[in-house]
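J.: Structure below; questions to follow.
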Amino acid sequence: MFIQTETTPNPATLKFLPGEPVLASGTADFPAAEAAATSPLARRIFSVPGVTGVFLGSDFVTVTKADDAVWDHLKPSVLGAIMEHYQSGAPVIEGASTSGHNDQDGPDAEIVNQIKELLDTRVRPAVAQDGGDITFHGFDRGVVYLHMQGACAGCPSSTLTLKMGIENLLRHYIPEVTEVRPVA
């Protein structure tokens, strides 16, 4: 098995490409080891000292390190953990993964559906290339709330991506949108 790695815009995060499917659909975000109970792969990666986050996409694994950890020391151990997992035959995740979008009904349901459609077709594929995901969290009085995951969470350029990229895109296509804000 040959696992490729790619840098991301977030210097604390690396994208690992195992050359095999990771998740058949959806994504899975594990911002801490305690959250990884449903994923044998994420648990194995979290066993590497210095790992603080794991994000699973369709064909990649994004790993975030602690500030005091160094990729030159961490990367071989993470590669080993991913390789061991695939050789073990264990599932990547136990149970179903999700698309990540929150549901929102009510008078703004049509606007919310337009927002989700734009996120799914224009935004999410682009941020997946960088090892992350951005999902819909809510819409209230013109403000769209988005949740940033994987390499996007804590990325120095995430505010610029939200304001200059996603906000401008949504405002262009959906006049009711006035602002985009991140949620934790």
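The values are calculated or read from the model by the stated rules, or taken from the named source; none is laboratory data. Since this is a predicted model, take the numbers as computed values, not measurements. Because the Cβ atoms are built from the backbone with ideal geometry, glycine has one as well, and the counts that use them run over all protein chains shown. Areas reflect the complete protein model, heavy atoms only, side chains present, ligands, DNA and RNA absent. Shrake-Rupley method; radii C 1.70, N 1.55, O 1.52, S 1.80 Å.
J.: Below 8 Å, C-alpha to C-alpha, sequence gap of six or more: please give me the relative contact order for the chain in percent.
T.: 22 percent
J.: Nearest 500 deg cm²/dmol is fine: what mean residue ellipticity at 222 nm does the chain get from its DSSP H runs of n ≥ 4 alone, each adding -39,500 (n - 2.57), divided by its residue count?
T.: Estimated from H runs of four or more residues: -7500 deg cm²/dmol.
J.: In degrees between 0 and 90, to the nearest 10, how far off the longest principal axis of the chain does helix 71-88 point, with axes built from Cα atoms?
T.: Value to nearest ten degrees: 80.
J.: Could you compute how much accessible surface residue 121 exposes when probed at 1.4 Å, giving the result in Å² to the nearest 10?
T.: 80 Å²
J.: Would you mind working out the accessible area per residue for the chain, using a 1.4 Å probe, and quoting it in Å²? Each step should come with its number before you reach the end.
T.: On the way: 9200 Å² over 184 residues.
About 50 Å² of surface per residue is accessible.
J.: Still on this structure: Calculate what fraction, in whole %, of the accessible area of the chain sits on carbon and sulfur atoms when a 1.4 Å probe is rolled over the protein chains.
T.: C and S atoms contribute 52 percent here.
J.: Accessible surface of residue 169 in the full protein assembly, 1.4 angstrom probe, to the nearest 10 Å²?
T.: 40 Å²
J.: Using every pair of alpha-carbon atoms in the stretch 23-154, split the distances into 5 Å bins beginning at 0 and state the percent of pairs per bin, rounded to integers.
T.: 2, 10, 19, 20, 17, 13, 9, 5, 3, 1, 0
J.: Around residue 129, with a cut-off of 14 angstrom between Cβ atoms, what is the net charge of the other residues, counting Lys and Arg +1 and Asp and Glu -1? Don't skip to the end; give the middle numbers.
T.: Working: positive: 15, 122, 124; negative: 6, 59, 130, 133.
Around residue 129, the surrounding residues sum to -1.
J.: To the nearest 10 degrees, how steeply does helix 109-118 sit against the main Cα axis of the chain, on a 0 to 90 scale?
T.: Tilt relative to the chain: about 50 degrees.
J.: Now a separate question. Set the Förster radius R0 to 35 Å, insert the Cβ-Cβ distance between residue 25 and residue 83 as r into 1/(1 + (r/R0)^6), and round the FRET efficiency to 0.05.
T.: Here the calculated transfer efficiency is 0.90.
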